[in-house]
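Visitor: My questions all concern the structure below.
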Amino acid sequence: MSRWSLALFAAFALLPLLEGGYALRLAMEVVAWGLAATALAFLYRTTGLVSLGHAAFFGGGAYALALLAKAFGAWAYPAAVPLALLLGFGAAFFLGFLGLRSHGIFFLMLTLAFAQLVYVLVKQGFPQVTGGDDGLPGIPRPLGLEGELPYYLVGLGLLVGVLLLYRAFLASPLGLVMDALRQNEVRLGVLGYDVRRLKLLASGVSGALAALGGVYLAGYRGFVHPHDLSWATSGLLLVMAVVGGMRPVG
């Protein structure tokens with residue numbers, strides 16, 4: 001990583017520790033949204049696709065934690081985290097399968113329609129389970145991480161780890177193949193690579209990462225709301241990814 005990147009992470013890590021209070025809570029928001037925005041950046045860097053439906057995976061991860069926490073309390077995390085990742089991967093894989101032949105604005109609209117379908121189902125389809133328009137409150141933090149500072153530090157470590165893995169992946173042989181997929185998938189197919197499988201893999205990983213961000217956000221806030229699944233959330237994630245740059249830090 002460059003010196004500027006290291007300085008940025010150092011400032012990001014230390015400022016909330018020095019300020020506490022609002023700065024610490026804001027930093028936890030940044031961690032959660034940063035994970036989900038990285039998921040969008042990963043999808044673009046590996047496939048060239050832009051999604052306007054990642055709120056479905058982001059909010060889906062949050063609701064997975066909320067529903068399990070409602071039944072098992074803080075003991076839900078060991079099951080909720082892998083379940084959210086699996087659901088995010090599976091849903092994004094399915095959406096990627098539906099959009100294999102879609103590009104540009106067509107894929108963008110497909111992802112938006114999918115996310116809105118999930119939003120309506122959660123808000124109006126099963127209100128007795130999802131809490132409807134009221135959402136689901138009362139989500140505890142993991143055992144041993146009840147305080148804001150330890151929860152933030154775990155999230156910061158998670159975000160830094162994800163960014164480092166993302167950067168290392170793009171420099172790996174598979175990462176170079178995925179970059180070629182983004183640039184010219186037809187030529188990559190002619191060379192003998194399974195373009196469909198690569199795109200589905202990238203889509204699934206992106207969905208799982210967005211779901212991880214949703215889990216972290218739900219644990220920090222202590223509640224989930226249908227707005228976490230809305231088109232506005234998808235749009236905000238896309239803006240974050242574009243402004244932050246569709247490439248790894250460093």
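The values are calculated or read from the model by the stated rules, or taken from the named source; none is laboratory data. The model shown is predicted, which means the values in this text are computed figures rather than measured ones. Neighbour counts are summed over all protein chains in view; Cβ atoms, including those assigned to glycine, are modelled from backbone coordinates with ideal geometry.
Visitor: Across region 52-76, which residue is farthest from Gly175 (Cα to Cα) among those that are surrounded by 21 or more Cβ atoms within 10 Å (Cβ to Cβ) and out of contact with any Gly (no Cβ under 9 Å at 6 or more places or on another chain)?
Guide: Initially, region 52-76 is screened for residues surrounded by 21 or more Cβ atoms within 10 Å (Cβ to Cβ), giving 52-66, 69, 76.
Add one more test, that the residue is out of contact with any Gly (no Cβ under 9 Å at 6 or more places or on another chain), and what stays is 53, 76.
On the way: Gly53: 24, Ala76: 34 Å.
This residue is Ala76.
Visitor: Which one is surrounded by the most Cβ atoms within 10 Å (Cβ to Cβ), of the residues in region 123-141 that are within 17 Å of Ala56 (Cβ to Cβ) and in contact with a Gly (Cβ under 8 Å, 6 or more places away or on another chain)?
Guide: Among those that are within 17 Å of Ala56 (Cβ to Cβ) and in contact with a Gly (Cβ under 8 Å, 6 or more places away or on another chain), it is Lys123.
Visitor: Looking at Leu52 and the list (1) more than 19 Å from Gly222 (Cβ to Cβ); (2) within 11 Å of the chain's Cα centre (by Cα), which single condition is not satisfied?
Guide: Of the numbered conditions (1) more than 19 Å from Gly222 (Cβ to Cβ); (2) within 11 Å of the chain's Cα centre (by Cα), the odd one out for Leu52 is (2).
Visitor: Gly135 fails exactly one of the following numbered conditions: (1) at negative phi; (2) touching a residue at least 12 places away in the same chain (Cβ under 8 Å); (3) of a type outside the set (A, V, I, L, M). What is the number of that condition?
Guide: Tallying (1) at negative phi; (2) touching a residue at least 12 places away in the same chain (Cβ under 8 Å); (3) of a type outside the set (A, V, I, L, M), Gly135 fails exactly one: (1).
Visitor: I'd like the full set of residues that are under 13 Å from Leu49 (Cα atoms) and among the β-branched types (Val, Ile, Thr), limited to region 103-122.
Guide: Ile105, Thr111, listed by residue number.
Visitor: Let me ask something additional. Can you tell me which of Gly235, Gly219, Gly214, Gly189 is assigned to a helix (DSSP H, G or I), touching a helix residue (DSSP H, G or I) at 6+ places or on another chain (Cβ under 6 Å) and touching a residue at least 24 places away in the same chain (Cβ under 8 Å)?
Guide: Numbers: Gly235 fails: touching a helix residue (DSSP H, G or I) at 6+ places or on another chain (Cβ under 6 Å); Gly219 fails: touching a helix residue (DSSP H, G or I) at 6+ places or on another chain (Cβ under 6 Å); Gly189 fails: touching a residue at least 24 places away in the same chain (Cβ under 8 Å).
Result of the check over Gly235, Gly219, Gly214, Gly189: Gly214.
Visitor: Working carefully through the options Tyr63, Tyr77, find the one that is in contact with a Pro (Cβ under 7 Å, 6 or more places away or on another chain) and either at pLDDT 90 or above or within 26 Å of Leu117 (Cα to Cα) (or both).
Guide: Values: Tyr63 fails: in contact with a Pro (Cβ under 7 Å, 6 or more places away or on another chain).
Going through Tyr63, Tyr77 in turn, just one is in contact with a Pro (Cβ under 7 Å, 6 or more places away or on another chain) and either at pLDDT 90 or above or within 26 Å of Leu117 (Cα to Cα) (or both): Tyr77.
Visitor: Determine which member of the set Leu95, Leu136, Leu83, Leu87 is more than 29 Å from Val195 (Cβ to Cβ), within 18 Å of the chain's Cα centre (by Cα) and not acidic (Asp, Glu). Lay out the reasoning, then the answer.
Guide: Working: Leu95 fails: more than 29 Å from Val195 (Cβ to Cβ); Leu136 fails: within 18 Å of the chain's Cα centre (by Cα); Leu87 fails: more than 29 Å from Val195 (Cβ to Cβ).
Leu83 is the lone residue from the list that is more than 29 Å from Val195 (Cβ to Cβ), within 18 Å of the chain's Cα centre (by Cα) and not acidic (Asp, Glu).
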